[in-house]
Amino acid sequence: MRDDRPFGLDPDTIQDVGRDGRPMERATPPPEWFSARHRLILGLFALGAIVVGGLAGATVAAFASGARGWAAILALLTLAASPSLALGPLQDWWRHRRR
């Protein structure tokens with residue numbers, strides 16, 4: 001079967017044409033996850049996860065080594081640091097609330 005078309009269509013170069021026959025500019029905004037606000041939300045959550053995860057790991061290591069006093073202190077620090085996981089989502093909620 002022979003293809004009689006003079007050229008193939010490239011989806012990357014297809015443009016919409018206005019009523020006057022001129023090609024219209026394609027204004028595609030960047031994805032939302034590129035925005036500075038979204039990177040801040042992800043960064044705050046990741047920072048909180050690293051802090052809480054590190055403290056929890058240190059708690060387990062201290063308890064496994066027999067240092068129960070240090071394990072108790074690190075466990076309390078882990079509990080005290082766990083609200084930091086909510087900083088990113090709270091930032092997002094506050095921004096959407098204040099539009």
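The values are calculated or read from the model by the stated rules, or taken from the named source; none is laboratory data. What you see is a predicted model; the values in this text were computed from it and never measured. All Cβ positions, glycine included, derive from the backbone under ideal geometry; neighbour counts span all protein chains shown. For the accessible areas, the whole protein counts, side chains as well, though only heavy atoms, and no ligand, DNA or RNA atoms are used. Shrake-Rupley method; radii C 1.70, N 1.55, O 1.52, S 1.80 Å.
Between ALA49 and LEU77, the simple label model (points 7 Å from Cα in the Cβ direction) yields a spacing of 2.2 nm. Picking from ALA49, PHE63, GLN91, whose Cα lies most toward the positive end of the charge dipole for the stretch 30-99 (charges on Cβ: Lys, Arg +1; Asp, Glu -1)? Looking along the dipole axis, the top candidate is GLN91.
Averaged per residue, the stretch 45-99 has 72 square angstrom of accessible surface, using a 1.4 angstrom probe with ligands and nucleic acids left out.
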